[in-house]
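J.: Submitted below is the structure of interest, expressed as C-alpha cells.
Rule-based calculations on the coordinates, nothing more; no lab input. This one's a predicted model, so the numbers in the text were calculated from it and none came from an experiment. Cβ coordinates were reconstructed from backbone atoms using ideal geometry, including for glycine residues, and neighbour counts include every protein chain displayed.
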Amino acid sequence: MWPWAHHLSNILVRCRAILTSSYAGTLSLHSSHLATDLTFAGHDLSALSVCYVAHPQGSTTQGWIASGGMDRVGRVWQYDLPTAEAALADAPAPLPSTLYTLNLHQAPIASVRSRALPLSGASATASPHLLTAGWDGVVGVWDLTPGVNEGEPTEEGAPKRKRRKQAPGTVIAKTPVSVLTGHVGKVSRAIFDRLDAGIAYSAGWDHTVRQWDLSVATEAAAKTSDKVLLALTQMASPNLLATGSTDRLVSFWDLREATQAISLQIPGHSAPVSSVCAHPTAPLLLASGSYDSTVRIWDARSPKQALFTVPLPPKEGEEGAGGEKVLCVDWDGERLVAGGEGARVVSWRVSASGDKVEAEQ
C-alpha cells in the first residue's frame with residue numbers, strides 16, 4: 001500500500017509499475033526500478049486520466065504517457081524509462097517533459113486512451129494514436145507520429161511572439177486528425193477496440209454506448225439505456241463491452257445484438273460504479289470499483305454475486321474498513337490495484353481464475 005498526497009482519479013499497472021493521475025494536477029509513476037516516484041507536473045488543474053503511449057520508434061530508453069484533465073488540455077509526456085542499474089545506484093531520474101499539447105476540448109477531458117502499435121506486418125498504420133473524450137460531448141482522435149498535424153513549437157508558457165524553431169525543452173501543439181460528435185452529454189470514456197485499430201467505443205452521461213468507424217470518422221452504431229454511464233471497458237471476449245453506472249450496476253453490452261441494448265446487468269454495489277476493468281485474457285472476468293469503498297471481481301457466467309468483494313483496508317492507525325470512495329481500478333491479470341479518495345494505492349494478488357485474492361503489503 002502506498003500513500004499519495006491527493007485523491008487519485010486514474011490508475012494503471014504494468015510490469016510492476018503503477019501510473020496514477022491525481023486531483024492535484026500531477027501524475028506519478030511508482031516502480032521498483034526507481035529510487036523515488038517520478039512526478040509529472042504541468043496541468044493547471046486536476047488531472048482526470050492518464051495512459052501509456054507506445055513510443056513510435058520503439059525506444060528502450062524513453063517512454064511516453066498521455067494525460068488530460070480539468071484544464072481542458074491534453075498532454076503527451078516523454079520520460080526516461082527506469083532501469084535496475086539506476087535503482088541500484090540510487091540515482092534520481094531526470095524530470096519528464098511535455099512533448100505535445102492537445103488542444104481541442106472546451107470542457108474538462110475525462111478520458112485519455114491510446115491504441116497499441118500493430119504487430120510487424122499488420123495492415124494497420126504503425127503509428128501511435130490517442131483518443132480523448134470530454135465533458136463537452138466530443139471525442140478527439142490524434143495521430144502522435146512526429147511531424148503529423150503539428151503546429152509551431154513553443155517554450156512552455158511562452159507567449160506566441162516568443163515562438164522559435166524547435167529545440168530541446170520546447171512543446172509542440174498537435175491538432176486532431178478527426179473529431180467525433182454525436183454524444184449529447186459528458187463523455188466518460190473512449191477506448192480503441194482491442195483487435196481492430198479502426199474501431200472505437202465511447203460511453204457517457206447521455207446514457208449511450210457508441211461505436212465509431214475511425215476510417216471515416218462517423219458513428220457506426222449506438223445503444224441507449226436509462227443509465228448515466230461512468231465507466232467503460234472492452235472484455236477479452238469478442239464483441240462484449242462492460243460499463244459502470246450511477247445506478248450501482250455493472251452492465252454488459254453485446255455488440256452483436258442489434259435490438260437489445262444491455263445484455264446483462266449485475267447488481268451488488270451499493271453506490272455508483274466509478275470504474276470497470278476487464279481481465280486482459282480471461283474472456284468473462286471483470287473488476288469494478290465503487291463509491292461504496294469496495295472492489296469486486298465478477299464472472300459474467302455467475303452474475304448473481306461477485307466472486308470476491310474486497311473492501312478497502314483501514315488507513316494506518318484506524319480501525320474498520322476504509323470509508324473512502326474507489327475512483328479507479330486496473331488489472332494486469334495478476335495484480336489488481338485501486339485508488340481514490342483516500343490518496344493511496346491498494347494492491348491485491350489475484351489468481352488466474354479470479355478465485356483467490358490476497359492483499360499485498
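J.: For a test of understanding, tell me how many lysine pairs in the chain have Cα atoms under 30 Å apart, given they are 8 or more places apart or on different chains.
T.: For the chain, the number of qualifying lysine pairs is 16.
J.: Given the chain, what percent of its DSSP beta bridges are antiparallel, to the nearest 5? Walk me through the numbers on the way to the answer.
T.: Values: 109 of 112 bridges.
Within the chain, antiparallel bridges account for around 95 percent of the total.
J.: Within a Cβ distance under 14 Å of V337, other residues only, what is the Lys/Arg minus Asp/Glu net charge? Intermediate values should be presented prior to the final figure.
T.: Working: positive: R14, R16, R335, R344, R349; negative: D330, D332, E334, E358, E360.
Neighbourhood net charge equals 0.
J.: Taking neighbour counts of Cβ atoms within 10 Å as a proxy for exposure, in what order, fewest first, do T224, T208, T132 appear?
T.: Numbers: T224 12, T208 21, T132 25.
Starting with the residue having the fewest Cβ neighbours, the order is T224, T208, T132.
J.: Send over the semi-axes of the chain's equivalent ellipsoid, whole angstrom and largest first, taken as the square roots of 5 times the C-alpha gyration tensor eigenvalues.
T.: Working: eigenvalues 188, 137, 70 Å².
One finds semi-axes of 31, 26, 19 Å for the chain.
J.: Net charge within 12 Å of W212 by Cβ-Cβ distance, Lys/Arg positive one each and Asp/Glu negative one each, not counting W212 itself? List each step's numbers first, then the result.
T.: Values: positive: R210; negative: D193, D196, D213, E219.
Summing Lys/Arg as +1 and Asp/Glu as -1 gives -3.
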